[in-house]
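Shown next, in structure tokens, is the structure this report addresses.
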Amino acid sequence: MLYVSRSSRVARNAGFTLVELLVVLAILTLLVGLVGPRMLGQLGGAKSKTAGVQIADLEKSVELFKLGVGRFPSDEEGLEALVKKPASANGWDGPYLKGGSVPLDPWNNPYRYKRSPNGADVEIVSYGADGAPGGEGENADIRNGK
């Protein structure tokens, strides 16, 4: 029977070789390279969806304002009329938004509010990631009803 000392067995099984570590590192790098861009793309889509949901909630709150006051907020009153009673809003029963303030869009820009000239409809818009009108992809405008 061949006797092998305990210290030589421990030395052989002590850890990973440099080649093994480099192979694992290469595999992890490939995975991050393939999965990373897809995950970032999903994050951008999530912000657009979040803006759409927030706009729908704001639109419902504006409708509640109209039920109480009998009209939509004016352009001057804007979305702030949902949390602070305007002087000319008889029947105001707010605040109509939780949290006591109008939320910013997912890119930390204010939502744009505009009432139609005849006062029968409103438009609530987020200008997207760039904060400017128009654009494509993440920079595209997000509107109520779209």
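The values are calculated or read from the model by the stated rules, or taken from the named source; none is laboratory data. Everything quoted here is computed from the prediction, not taken from an experiment. Ideal geometry is used to build each Cβ from the backbone, glycine not excepted, and the neighbour counts take in all protein chains shown. Ligands, DNA and RNA are stripped out before the accessible areas are found, and what is left, the full protein with its side chains, is counted by its heavy atoms. Shrake-Rupley method; radii C 1.70, N 1.55, O 1.52, S 1.80 Å.
Observations on the model:
- Any hit, segment 62-77, residues being open to solvent by 80 Å² or more (accessible area, probe 1.4 Å) and within 24 Å of the chain's Cα centre (by Cα): yes
- Residues in segment 105-123 that are in a loop (DSSP other than H, G, I, E, B) and of a type in the set (D, E, K, R): 105, 121.
- Top-ranked residue of segment 78-89 - restricted to ones that are small (Gly, Ala, Ser) and assigned to a loop (DSSP other than H, G, I, E, B), ranked as surrounded by the fewest Cβ atoms within 10 Å (Cβ to Cβ): 87
- In segment 106-122, the residues that are in contact with a Phe, Trp or Tyr (Cβ under 7 Å, 6 or more places away or on another chain) and closer than 17 Å to residue 60 by Cβ: 115, 122
- In segment 90-104 there is no residue matching the filter, namely being in a helix (DSSP H, G or I), surrounded by 14 or more Cβ atoms within 10 Å (Cβ to Cβ), touching a residue at least 24 places away in the same chain (Cβ under 8 Å) and not aromatic (Phe, Trp, Tyr).
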